[in-house]
Structure formats: structure tokens, C-alpha cells
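Visitor: Could you have a look at this structure, given as C-alpha cells, before my questions?
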Amino acid sequence: MSESILSVLDETRVFQPPYNDRTAFQSMADLQAIQQEFSENFEEKWRQLAEQNLQWRKPFSVVLNESKAPFYTWFEDGALNLSENCIDRHVQQGLGDRTAIIWEGEPGDVRRISYQQLLDEVCRAANGMKQLGIESGDRVVIYMPMIPEAAITMLACTRIGAIHSVVFGAFSSHALRERIHDAGAKLVVTADGGYRRGAVHALKPKVDEALECNCDTIEHVLVVKRGENPVDWQAGRDVEWRALLDAQPAQCEALALNAEHPLFILYTSGSTGKPKGIVHSTAGYLLWAHLTMTYSFDFRPAEDVFWCTADVGWITGHTYSVYGPLSNGGTTLMYEGVPTYPDAGRLWKLCEDHAVSVFYTAPTAIRALIKAGDAWPEKYDLSRLRVLGTVGEPINPEAWMWYHRVIGQDRCPIVDTWWQTETGGHMLVPMPFAVPTKPGSAALPLPGIYAAVVDQEGEPVTEGGGLLVITRPWPSMLRGIWGDDQRYIDTYWRKFNHRYYFAGDGARIDQDGYFWIMGRVDDVLNVSGHRLGSMEIESALVSHPAVAEAAVVGRPDELKGEAVYAFVVLKQPATENLKSELLKHVTQEIGAIARPDDIHFAENLPKTRSGKIMRRLLRDIAAGRDITSDTSTLEDQQVIQQLRDQP
Ligand code: WT7
């Protein structure tokens with residue numbers, strides 16, 4: 001258990017929600033009242049919400065179909081179009097001039113895109129993709145920097161029923177290839193590059209490299225020119241974005257798609273080697289993206305400027321940089337670059353310059369900015385901020401307090417949102433003007449969400465920790481793992497006999513019913529709010545010729561939450577540059593985010609008699625603590641001493 005979690009366990013501070021008479025949920029009683037409505041008639045309540053908040057082409061009659069559980073479906077006989085819900089319906093209501101996207105590039109260039117302009121551009125992009133042969137159901141991989149074209153491409157896919165799969169731009173060409181291959185994608189949309197720390201980080205060469213093998217399904221590569229980087233155009237395959245779009249009409253019929261039509265695939269790490277393609281559906285996902293904007297952020301589309309700092313390569317970027325704010329007809333801010341470039345005041349400057357009122361970021365960013373000192377936020381006018389959110393990992397109470405005091409000026413509620421790629425949107429959240437907050441706790445399930453902490457047998461635990469489960473289906477739940485139904489069942493449903501969704505997190509419930517997340521219970525690391533599979537990094541290490549065996553664990557880290565710590569057994573004695581070579585190798589295989597912070601050359605790894613690596617023991621060694629785990633099953637007791645002697 002990391003130190004931050006230990007300090008969370010004896011956290012007792014409670015902050016009352018600020019009074020706000022304009023919000024739908026003003027007190028715990030309001031939350032309890034809607035929960036009560038759900039409990040009395042679960043499906044009826046979801047029916048009302050889906051009818052009132054989405055624009056349907058064909059109304060649905062079935063709310064939830066459980067007959068193929070755990071392959072649940074929602075609103076399954078309805079039809080709608082996501083881009084129409086996110087754009088056209090606002091334009092039809094006369095909001096065409098409202099700003100949909102404010103974008104700022106790292107060098108400081110700004111673009112404001114109105115809903116009308118967004119509609120035109122999305123239509124051109126959709127028509128362009130059709131011209132490249134993309135049809136409903138085809139997969140489109142998006143490998144882009146944070147530029148408006150990333151959001152435009154996502155929306156254009158939804159307009160014609162193409163299934164997008166965004167791959168984070170910092171992933172390597174190997175990782176990109178693996179995802180293109182798994183998804184069987186027909187098109188890659190990319191850019192020459194994007195600005196990072198003052199220079200253009202090239203993307204197109206990584207696409208070229210990825211497509212060298214195992215990507216036969218790819219027919220075209222569509223390239224946005226962002227950074228004046230030279231592009232090696234491959235005739236017949238590569239197409240330039242502007243040239244393609246300028247030749248298209250700005251109208252494109254939005255396809256009426258079934259509610260369950262796959263909307264996107266997003267790859268995330270699991271406890272085994274291969275990333276899982278999490279599949280989300282159209283209507284259920286959109287409904288929850290839409291509603292949680294109000295529930296969690298009290299979002300007011302006509303007046304707020306919403307900024308979620310996540311890259312669209314992650315689920316947070318999908319739901320809260322793009323779909324949630326736009327579905328509500330609001331204004332979302334996108335920023336291209338590094339948060340500390342050119343200095344540690346950049347985020348706060350962006351907040352001032354664009355009058356950001358709802359700000360959503362990760363604890364790791366907060367911790368880095370605390371280190372930079374209070375003088376940076378104090379230089380800027382943050383008076384427009386009214387709600388602050390965090391996501392991705394447990395927030396340590398001290399970081400919470402700083403966020404509350406220095407950024408929120410004791411005025412803004414802090415919403416600590418617990419959720420996952422798989423849940424599509426928020427699950428546990430202290431609703432900002434209704435629920436008292438406790439630093440480090442994600443508080444309570446949102447309306448319509450049913451969560452519990454149970455023991456290994458699925459029985460609720462009241463004292464101490466247990467496993468976090470979701471006990472009833474919800475509209476934005478994942479629909480499966482792309483191409484692997486069995487893995488979907490095994491990962492999320494087998495553990496509790498298909499009764500509960502198993503989240504993979506440990507948690508505790510306190511006397512007020514508040515949830516305290518204690519981190520993953522599987523072999524998944526959380527590095528700077530990003531999920532990394534230890535087996536994935538191990539496979540990358542083992543694929544290097546010098547490595548015989550590897551075990552990767554997380555080590556508590558003040559800034560990143562967890563750091564990657566690798567134990568490596570070599571085939572022959574280490575050469576001088578081997579460590580740096582291995583680091584480079586992991587970066588090539590997965591990406592810089594997976595690069596170990598420490599490599600520990602070991603003679604042997606501690607294993608049980610049945611040959612399983614004892615990761616818990618390795619975690620203790622990595623953290624430099626006393627061994628807390630039971631070592632009686634350890635095959636060779638000397639291994640511990642050896643590991644301690646040769647750090
Ligand atoms: C895992 C999901 C969902 C967006 C970002 C990450 C951890 C997420 C919190 C939080 C404590 C959190 C969990 C979860 N996590 N939010 N507020 N408090 N832990 O998405 O990559 O799918 O990772 O992130 O361990 O299972 P993801």
C-alpha cells in the first residue's frame with residue numbers, strides 16, 4: 001500500500017458543498033430523491049432520461065435487455081446519430097454561432113470553432129472518408145496530436161457509422177501496429193506532427209513504420225498538416241487532409257444508426273500481455289456522457305467554458321473533451337501542448353485567457369504544479385473557475401487541499417471522479433453542490449449507479465477493504481472486448497458469477513457510505529493516471545535478446561503516483577550500456593510512458609513452488625520496505641537476500 005493511501009485511511013476532514021440555488025441537485029436529499037426514483041422503477045427512470053436528453057431518429061421501446069447477459073443492451077430498437085446529437089441539434093436550435101471548440105496550440109495560436117463551422121467541417125471530413133471507401137462498421141484509427149481535427153475526425157466517423165479507435169500519440173509504432181491489426185482498420189488519420197515542448201513531435205513517420213507489416217487492412221492514410229514537418233507521401237495510399245476536405249460539400253447526411261451500433265474501440269491495458277479493445281455503443285455511451293456533465297460538473301452550456309486537460313487518446317478525452325460538452329451544446333477547450341511549457345503557469349494562463357469555469361485534470365498534474373510553487377497560479381486571474389475535477393488515480397489529501405485552497409480559492413467544490421475506460425463515464429462522484437467532500441474520497445455513486453465493496457465471495461464488507469463492484473448494469477457500460485467475447489466474460493464477470501461487474505480496484509466504504517479507492521488489485525500499474533499492464537512491459541523487456549526473464553511492479557512515487565520498477569534476469573553479464581538500451585527498447589515497443597524508472601538486475605526472481613512470480617514481495621523490495629507478504633510459499637528463500645544485496 002502506498003503512503004498516500006495510508007494517509008487517506010485516517011483522513012477525517014469534511015467540506016460542506018457550497019450553496020448554489022441554480023443547480024438541479026442542491027443537497028443530499030436531492031441526490032437521495034433521484035436514487036429513490038431509480039430504485040422504484042429503474043428502467044422507467046432510464047427511459048425518461050434517454051427520451052429527454054437525446055434526439056432519436058427512431059424511438060426505442062426496450063430500455064434494458066438482460067437476456068444475453070453479461071452482453072447487456074440498452075435502448076436496442078432505437079436509432080439515432082451521435083454527430084447529429086452533438087452538433088446538428090444545437091445548430092437547429094439557433095446556436096450555430098456559439099463556440100463549440102476553443103483550441104490553443106502550444107506556440108499560442110488560437111482557433112475558435114462555432115457549432116456551424118464544426119458541422120460544415122465534420123460533414124466535409126465524413127464525405128472525404130466516404131470517398132476513401134469508408135462505410136458504416138469500418139474501423140478508423142486516429143493517431144493525432146490534440147488538434148481540432150482529432151475531434152472532427154471522431155465526429156465524422158460517428159456521422160457515417162465508422163468505428164473510431166484513437167491511439168494516443170505517444171504510443172510507439174509497435175503499439176500502433178498492434179492496435180491497427182487487432183481492430184482490422186481500413187484508414188489511419190494522422191498528422192505530420194504536433195507541438196511538444198517547443199518542437200514538433202513527428203507522427204507520420206511512426207505511422208509509416210507501423211504499416212510496414214501486419215496492417216494489410218489499411219487502404220489509406222489521411223494526413224493533417226499541423227507542424228510544417230516534412231511528410232514522406234506514399235502515392236496511392238496517403239492523402240492530404242485539406243486537399244481532400246476542400247473538394248467536399250459541407251453537407252453530409254447523418255446515418256440513423258442502431259442504439260447498439262459500436263461507437264468506438266479504445267485500447268487499454270489489462271493484467272495479461274495484450275491490450276484490450278474496449279467497445280462502447282452509441283446511445284448508452286452518449287446518454288451517460290451527456291448526463292454526467294450536469295451531474296458531476298453542474299455544467300451550464302450557455303455560460304461555462306469547460307476544460308478537460310486529457311488527451312483524446314484516453315477515455316477521459318473522449319467523454320469529457322469531446323462528446324460530453326458537445327452533446328450539451330457547450331464550449332470545450334482543447335490545448336495541444338505540454339502543461340508546463342513554456343513555464344509552470346501555462347495551465348493557469350489558459351484558464352485566465354479563455355475564462356475557464358469548469359476545470360478537470362489528473363492528480364499527477366496537480367502534484368507537479370504544487371512543486372512549481374504557488375507563485376504561478378497567483379499570477380493569473382482564476383476567478384472564473386467554479387467547479388474543479390480530478391480523475392485517474394486516488395488523489396492524496398494534501399494535493400486535494402492545495403487544489404481546493406490555491407486553485408479553487410476555497411470557493412470551488414472538488415469533484416473526485418472514479419471511473420474507467422470500461423464504464424464510459426463517471427461512476428463515483430461527490431456531486432458538486434449536493435454532496436459534502438472528503439479529501440481523497442470519490443464519495444458516492446451517481447444517480448442510477450449501484451456500487452458496492454465486497455469480499456472474495458461477493459458478500460458486502462462493512463469494515464476494512466474489499467473489491468469494488470458495480471451491481472446493476474448502466475447505459476454506458478462497455479459492450480465487450482473487440483474480437484474476444486471470452487476475455488470480456490473472464491475479466492469482468494467470471495469472478496462474481498456474472499452477478500456483478502468486477503472493476504479490478506480495491507476500495508473501502510466508510511461509516512457515511514463514502515467510497516475510498518485503494519488502487520488496482522490486479523497487475524495493472526497506474527502511472528501518472530495512465531493504466532499500464534505489468535505483463536505488457538515484461539513482454540517488451542523479454543523480447544530483448546539479452547533478457548531471460550522480467551518482472552515489473554509499481555513503486556510509490558511522489559509525482560507519478562506509481563513508477564515502473566523492473567526486475568530483470570539477464571542471459572549473460574550486463575554490458576555497460578545495457579540499462580539504457582533496455583529503456584530504449586521498451587520505449588520502442590510500447591512508448592515512453594511505459595519506460596521503467598528503475599531497472600534492477602537480479603540473479604533470480606522470487607517464485608512460488610508452482611512457478612508464479614511473487615509480485616507482492618517484489619513491490620516491497622522496490623519500495624524499500626520490510627517484506628509484508630507471506631514468504632512461506634517461496635521456493636528459494638535465498639532469493640530475497642540476493643535481491644536486497646544487489647539493488
Ligand atoms: C483506473 C481506470 C477513467 C479515466 C482515467 C483512467 C483508477 C480512475 C480514479 C479516482 C482513484 C481512480 C482506477 C481505475 N482511477 N479514477 N478518481 N480515484 N482511482 O481510466 O485508464 O481506464 O483507468 O484508474 O484504478 O480502475 P483507465
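Residues are listed down the side, and each one gets a yes or a no for (1) among the polar types (S, T, N, Q); (2) outside any loop (DSSP other than H, G, I, E, B); (3) crowded, with 20+ Cβ neighbours inside 10 Å; (4) out of contact with any helix residue (DSSP H, G or I) (no Cβ under 9 Å at 6 or more places or on another chain):
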residue	(1), (2), (3), (4)
Gly236	no, no, no, yes
His280	no, yes, yes, no
Ala310	no, no, yes, no
Gly317	no, yes, yes, no
Pro325	no, yes, yes, no
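Visitor: Another question about this same structure. Which numbered condition trips up Arg487, out of (1) part of a strand (DSSP E or B); (2) touching a residue at least 40 places away in the same chain (Cβ under 8 Å); (3) touching a strand residue (DSSP E or B) at 6+ places or on another chain (Cβ under 6 Å); (4) open to solvent by 10 Å² or more (accessible area, probe 1.4 Å)?
Guide: (1)
Visitor: Okay, next question. Taking region 472-523, which residues are closer than 29 Å to Arg595 by Cα, basic (Lys, Arg) and under 17 Å from the mean Cα position of the chain (by Cα)?
Guide: Passing the criteria: only Arg520.
Visitor: With Leu222, Leu255 as the choices, which residue is in contact with a helix residue (DSSP H, G or I) (Cβ under 8 Å, 6 or more places away or on another chain) and either open to solvent by less than 10 Å² (accessible area, probe 1.4 Å) or under 30 Å from Lys349 (Cβ atoms) (or both)?
Guide: Values: Leu255 fails: either open to solvent by less than 10 Å² (accessible area, probe 1.4 Å) or under 30 Å from Lys349 (Cβ atoms) (or both).
Among Leu222, Leu255, only Leu222 is in contact with a helix residue (DSSP H, G or I) (Cβ under 8 Å, 6 or more places away or on another chain) and either open to solvent by less than 10 Å² (accessible area, probe 1.4 Å) or under 30 Å from Lys349 (Cβ atoms) (or both).
Visitor: Another one. Being open to solvent by 10 Å² or more (accessible area, probe 1.4 Å), out of contact with any Lys or Arg (no Cβ under 7 Å at 6 or more places or on another chain) and aliphatic (A, V, I, L, M) is the filter here, so list the residues in region 349-368 that pass it.
Guide: Passing the criteria: Ala362, Ala365, Ala368.
Visitor: Still on this structure, please answer the following. For region 540-584, give me each residue that is open to solvent by 10 Å² or more (accessible area, probe 1.4 Å), part of a strand (DSSP E or B), aliphatic (A, V, I, L, M) and out of contact with any Asp or Glu (no Cβ under 8 Å at 6 or more places or on another chain).
Guide: The answer is Ala548, Leu570.
Visitor: Right, another one. Looking only at region 368-410, which residues are assigned to a loop (DSSP other than H, G, I, E, B) and within 16 Å of the ligand (Cβ to nearest atom)?
Guide: The initial filter retains those residues of region 368-410 that are assigned to a loop (DSSP other than H, G, I, E, B), namely 373-374, 379-386, 392-396, 408-410.
Passing the criteria: Gly392, Glu393, Pro394, Ile395, Asn396.
Visitor: Select from region 202-217 the residues that are surrounded by 19 or more Cβ atoms within 10 Å (Cβ to Cβ) and within 25 Å of the chain's Cα centre (by Cα) and list them in ascending order.
Guide: Residues satisfying the conditions are Leu203, Lys204, Lys206, Val207, Ala210.
Visitor: If you don't mind, another one. Taking region 411-434 as the region of interest, how many residues are within 14 Å of the ligand (Cβ to nearest atom), in contact with a Pro (Cβ under 7 Å, 6 or more places away or on another chain) and of a type in the set (A, V, I, L, M)?
Guide: 3
This table checks each residue for (1) at positive phi; (2) aliphatic (A, V, I, L, M).
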{"site": "Ala362", "(1), (2)": "no, yes"}
{"site": "Arg367", "(1), (2)": "no, no"}
{"site": "Ala399", "(1), (2)": "no, yes"}
{"site": "Trp402", "(1), (2)": "no, no"}
{"site": "Gln409", "(1), (2)": "yes, no"}
{"site": "Gln420", "(1), (2)": "no, no"}
{"site": "Phe433", "(1), (2)": "no, no"}
{"site": "Ala442", "(1), (2)": "no, yes"}
{"site": "Glu457", "(1), (2)": "no, no"}
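Visitor: Now for a separate question. For Ile470, only one of the following conditions fails: (1) more than 10 Å from the ligand (Cβ to nearest atom); (2) open to solvent by less than 10 Å² (accessible area, probe 1.4 Å); (3) of a type outside the set (Lys, Arg); (4) in contact with a Gly (Cβ under 7 Å, 6 or more places away or on another chain). What is its number?
Guide: If we test Ile470 against (1) more than 10 Å from the ligand (Cβ to nearest atom); (2) open to solvent by less than 10 Å² (accessible area, probe 1.4 Å); (3) of a type outside the set (Lys, Arg); (4) in contact with a Gly (Cβ under 7 Å, 6 or more places away or on another chain), just (4) comes out false.
Visitor: Taking region 338-348 only, how many residues are farther than 17 Å from Thr364 by Cβ and either small (Gly, Ala, Ser) or surrounded by 24 or more Cβ atoms within 10 Å (Cβ to Cβ) (or both)?
Guide: Number of matching residues: 1.
Visitor: Additional query: Within region 524-535, is even one residue over 29 Å from Asp10 (Cβ atoms), open to solvent by 10 Å² or more (accessible area, probe 1.4 Å) and either away from the ligand (no atom under 11 Å from the Cβ) or within 24 Å of the chain's Cα centre (by Cα) (or both)?
Guide: Taking every residue of region 524-535 in turn, at least one turns out to be over 29 Å from Asp10 (Cβ atoms), open to solvent by 10 Å² or more (accessible area, probe 1.4 Å) and either away from the ligand (no atom under 11 Å from the Cβ) or within 24 Å of the chain's Cα centre (by Cα) (or both).
Visitor: Looking at region 1-117, what helices (runs of 4 or more DSSP H) fall wholly within it and have at least 3 residues that are surrounded by 12 or more Cβ atoms within 10 Å (Cβ to Cβ) and in contact with a helix residue (DSSP H, G or I) (Cβ under 7 Å, 6 or more places away or on another chain)? Let's see the steps before the verdict.
Guide: On the way: elements: 3-9, 28-40, 42-53.
Those helices (runs of 4 or more DSSP H) span 42-53.
Visitor: Give region 435-467 a look and list any residue that's among the aliphatic types (A, V, I, L, M) and within 11 Å of the ligand (Cβ to nearest atom), or say none. Steps first, please.
Guide: Initially, region 435-467 is screened for residues among the aliphatic types (A, V, I, L, M), giving 435, 442-444, 446, 449, 451-454, 461, 467.
Once the filter is applied, which keeps residues that are among the aliphatic types (A, V, I, L, M) and within 11 Å of the ligand (Cβ to nearest atom), region 435-467 yields Ala442, Ala443.
The values are calculated or read from the model by the stated rules, or taken from the named source; none is laboratory data. The shown structure was predicted, so the numbers you read here are calculated from the model rather than taken from an experiment. FYI the Cβ positions are ideal-geometry reconstructions off the backbone, even for glycines, and counts take in every protein chain you see. Calculation scope for accessible area: heavy atoms of the full protein, side chains included, ligands and nucleic acids excluded. Shrake-Rupley method; radii C 1.70, N 1.55, O 1.52, S 1.80 Å.
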